Amino acid sequence: MVAAIALEHAGTILGRSRAIIKQNLAVLDAWIASEPHLSYVKPEAGTTALVYYDYAIDSYAFCTRMIEKTGAMVTPGDCFEEPRSMRIGYGYSDNPEDLKKGLEAISRYLRTLE
């Protein structure tokens, strides 16, 4: 029954989701551009991005230390056989300030590596 109701309103649900993703991808894109040690291929679809860094630290140590120091949680790129990278999700909230807070925490951690 819930699925039937969702299907009846698929256009509205998908429209909302697309708007959130578009808005948050713009936030992520601006943040990447502001961080000199980061790069990525901007996603064309989806809700995650693989972000590369140029620090000499493997991604498991990078991500573990970051969550310990800042509480910011991302997935180590080594999980995807992509060293020196992290996967960041950006489609979870319709409030871009939530994403900005997480990205600011990552930025604080990056400053400790310089």
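Things worth noting here:
- Compared with the dominant principal axis of the Cα atoms in the chain, helix 59-70 is inclined by about 80°.
- Debye intensity ratio I(q)/I(0), log10, the chain, q values 0.12, 0.21 Å⁻¹ (C-alpha model): -0.46, -1.13
- Listed by chain and number, the aspartates and glutamates placed with their C-alpha closer than 12 angstrom to that of residue 100 are 29; residues fewer than eight positions away on the same chain are left out.
- The value of relative contact order for the chain, using C-alpha pairs under 8 Å at least six residues apart, is 26 percent.
- Charge-dipole axis of region 2-113 as Lys and Arg at +1 and Asp and Glu at -1 on Cβ define it, positive-most pick from 7, 80, 91: 91
- Charge dipole (debye, nearest 20) of the chain; +1 at Cβ of Lys and Arg, -1 at Cβ of Asp and Glu: 220 debye
- Unit charges at the beta carbon, dipole of the chain: most positive-side option, 109, 64, 26: 26
- With the helix formula -39500 (n - 2.57) applied to DSSP H stretches of n ≥ 4, the chain reaches a computed 222 nm mean residue ellipticity of -18000 deg cm²/dmol.
- Of 76, 36, 96, the one that fluctuates the most in a GNM where the chain has Cα springs shorter than 10 Å: 36
- Helix axis angle, 10-34 relative to the chain longest principal axis, alpha carbon, degrees: 20 degrees
- As a proxy for reagent exposure, 63, 79 were ordered by neighbouring Cβ count within 10 angstrom, fewest first; the result is 79, 63.
Values quoted throughout were computed directly from the atomic coordinates according to the rules given, and no laboratory measurement underlies them. Only a predicted model underlies this, so the values are computations on that prediction, with no experimental measurement involved. So basically every Cβ, Gly included, is an ideal-geometry build from the backbone, and we count neighbours across all protein chains shown.
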